[in-house]
Amino acid sequence: MRVLLVGQPNCGKTTLFNRLTGRQEHTGNRAGVTVTCARGRMKGTGAELVDLPGLYSFTGGGADEAAARQAIESEAPDLILNVVDSTALVRGLTLTIQLLSLGRPVTVLLNMADEARKKGIRMDHGELSRRLGVPVWPISARTGEGLDFPLVGRVSSLPVPGDQQGLFHLARDMGRAVVGQGGVRRQGADKLLLHPLWGLPLFALILGLVFLITFQWVGPWLSGGMEMLTAWARDRLSGTALDLPPVTKGLLGSAGYVLSFLPIITVLSLLLTLLEDVGYLPRAAFLLDGWLKKLGLDGRCAVPLLLGFGCSVPAVMATRTLPENGLRRRTVQLMPFVPCSARLPFLLLLGGMLFRDRPARGVLLFYGLSILIGMVYGLLVPAKSAGAFYLELPPLRLPRLASVLRETEKHVDHFLRRAGLILLPTAFLLWCAAHVNTAFHPAMAGEETLLSALGRLLLPLLKPLGLNDWRAGVILLSGAAAKETMASTAALFMSDGLTLTWQQALVLGVVALLLPPCLGTLMTVRGELGGRETGRLILRQVLIAWAAGAVLHGLLHLATLFLR
């Protein structure tokens with residue numbers, strides 16, 4: 001038996017899917033969290049359950065809605081479970097009525113029944129079932145209420161209007177007939193969070209607190225414990241058969257440095273997931289709409305861009321919720337200017353060279369420069385002006401601790417997998433390449449190594465940036481597969497005597513931020529927008545990174561001459 005979960009964005013489909021299958025798919029308090037079809041077996045029945053991306057209707061919408069419509073037509077389901085938000089019944093019924101016209105067995109699940117009761121919404125489920133001609137069951141996927149409903153649906157004979165206006169009028173009349181409204185309590189917090197005067201300063205304050213907690217208060221304290229663990233591992237290896245330079249210096253010395261920043265990445269992921277689960281990210285999108293329009297975007301693009309601070313891969317996938325291909329391409333074009341958490345270890349390393357006792361200040365400086373350059377690019381490169389947009393604001397909710405921790409765990413697991421599959425082998429190979437000559441024999445003192453030969457090929461491109469050491473080129477090149485590798489490579493070279501002036505550290509950090517994203521992100525972009533658009537992104541970011549580095553070096557040089 002094949003069962004499809006169909007509903008509008010943010011109606012709780014994925015939470016219900018996880019409840020019924022025992023899976024751990026990502027959920028969030030915003031529209032557009034589900035962008036691909038997830039499959040699982042229902043506990044107890046063994047039926048195949050397919051969770052589709054949310055769609056508002058059968059007309060218009062983005063790539064995620066197109067995928068949902070195609071799945072409904074091609075999957076040939078035995079039953080469609082239509083999940084409807086009980087607190088927004090009329091809006092949900094517009095999709096329900098369209099589903100009834102498909103001639104498939106349908107059961108309507110009125111989700112968030114607990115929240116509807118808290119808001120004083122009373123509903124006659126029997127009357128709604130009679131009017132629709134299909135079973136209707138009140139449930140709460142979050143609490144588990146009402147999930148013992150039978151997997152039985154009916155084919156409705158309800159006449160479906162052929163135009164949008166008639167569809168809305170039918171849904172509105174049906175909603176008025178079955179819903180009784182008590183004292184609905186509005187969320188007063190939105191009056192402050194979305195205030196035209198105070199909304200943006202509050203957004204800046206909230207984002208500032210996220211960075212303070214991550215880089216200043218909690219993150220560095222936890223990183224100290226990770227450094228102690230690395231030192232303990234080095235002591236345990238001392239005097240054993242594994243006490244070899246490739247292991248102690250190549251692996252523990254460089255990759256261990258990157259792992260020391262795992263707590264900082266964890267804290268940042270936790271806080272961003274917390275904001276998503278509370279429901280603040282869509283409100284930030286509303287506040288940023290006016291600013292984003294100047295860059296050829298609109299408020300809907302804010303959520304993918306904000307997710308980019310965590311990881312660019314899900315951020316690129318989140319652009320599927322955007323209804324226009326041009327808007328998706330523009331968002332992906334600007335996403336490399338949003339620093340992902342994978343760059344944090346390297347930025348903290350360079351930040352310590354700029355502000356010896358306050359590396360977090362260096363990170364904020366790099367973040368600000370990267371975003372500023374992205375804004376300049378967006379203003380200078382013309383784009384089709386974005387029009388008005390529709391944005392659903394989900395209710396503000398207390399965070400679900402289990403869901404937040406589960407999603408944070410996925411980010412940590414992603415980082416550790418990259419550390420095991422990419423960082424550790426890369427650190428080992430780089431150490432070996434730095435200690436053998438071009439004939440693959442152990443390098444003697446003063447002899448050119450395999451790594452230095454590679455680095456010197458990049459020197460003509462580095463000198464206009466004020467980077468006269470070949471090792472800077474190797475650091476930048478090492479981040480092609482995974483940005484975390486730049487920190488391990490820099491730590492390896494610094495242990496061998498690499499030094500940078502603060503001007504060189506600033507230029508190197510800006511160039512590293514603006515270079516194309518990691519291989520995983522590029523593969524995601526290729527899957528979303530095609531190989532040609534991916535090639536353009538790579539070429540564009542390489543040119544922007546080099547030009548920004550050259551301009552910054554020139555300005556710093558002029559400033560130095562002026563201050564003498």
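Read the figures in this text as sums done on the coordinates, not as results from a lab. No experiment lies behind these values; they were computed from the predicted model shown. With ideal geometry, Cβ positions are generated from the backbone for all residues, glycine too; neighbour counts draw on all protein chains shown.
Worth a mention:
- Footprinting exposure proxy for S157, S269 (fewest neighbouring C-beta atoms within 10 Å first): S157, S269
- Extent of the range 82-208 along its three principal axes (Cα atoms, max minus min coordinate, largest first): 53, 36, 28 Å.
- Summary value for the chain: 12 percent relative contact order, contacts being C-alpha pairs under 8 angstrom separated by 6+ residues.
- Relative contact order (percent, whole number), the range 2-181, Cα cutoff 8 Å, 6+ residue spacing: 21
- Inter-label distance, V152 to R456: 8.2 nm, where each label sits 7 Å from its Cα along the C-beta direction.
- Other-chain or far-sequence residues with amide H under 5 Å of I121's (modelled H): G182
- Crossing angle, helix 484-495 versus the chain [Cα axis fit, 0-90 degrees, rounded to tens]: 20
- Cβ-defined net charge surrounding F215, 10 Å radius [Lys, Arg +1; Asp, Glu -1]: +2
- When the C-alpha to C-alpha distance is required to be over 20 Å, the pairs from K13/K191; K293/K483; K293/K384; K410/K483; K43/K410 that qualify are K13/K191; K293/K483; K43/K410.
- For K191 and L429, a Förster radius of 45 Å and the Cβ-Cβ distance give a FRET efficiency of 0.20, rounded to the nearest 0.05.
- Pairwise label distance in nanometres, Q216 with D124, each label 7 Å out on the Cα-Cβ vector: 5.9
- Computed on the range 2-181, the Cα convex hull volume stands at 104 Å³ per residue.
- Across the range 304-415 the C-alpha pair distances fall into 10 Å bins from zero in the proportions 12, 31, 34, 20, 3 percent.
- For R23, net neighbour charge (Lys/Arg +1, Asp/Glu -1) across residues whose Cβ lies under 14 Å away: +3
- Paramagnetic reach from K384 in the range 325-343 [backbone N under 13 Å; point 7 Å along Cα→Cβ]: 325-331
- Each 20 Å bin from zero up to the one holding the largest Cα-Cα distance in the chain carries the following percent of pairs: 19, 47, 26, 8, 0.
- Note on R234 and L498: the extension gain reaches 92.8 nm, defined as 0.36 nm multiplied by sequence separation minus the Cα-Cα distance.
- Sequence of E324, E447 once ranked by neighbouring C-beta atoms within 10 Å, starting from the fewest: E447, E324
- Rounded to 5, the percent of DSSP beta bridges in the chain classed as antiparallel: 40
- Likely footprinting exposure, T319, T214, T449, T426, fewest C-beta neighbours within 10 Å first: T449, T426, T214, T319
- Length released on extending from L421 to R356, taking residue separation times 0.36 nm less the Cα-Cα span: 20.2 nm
- Using a cutoff of 8 angstrom between alpha carbon atoms and counting only pairs six or more residues apart, the relative contact order for the range 295-406 works out to 29 percent.
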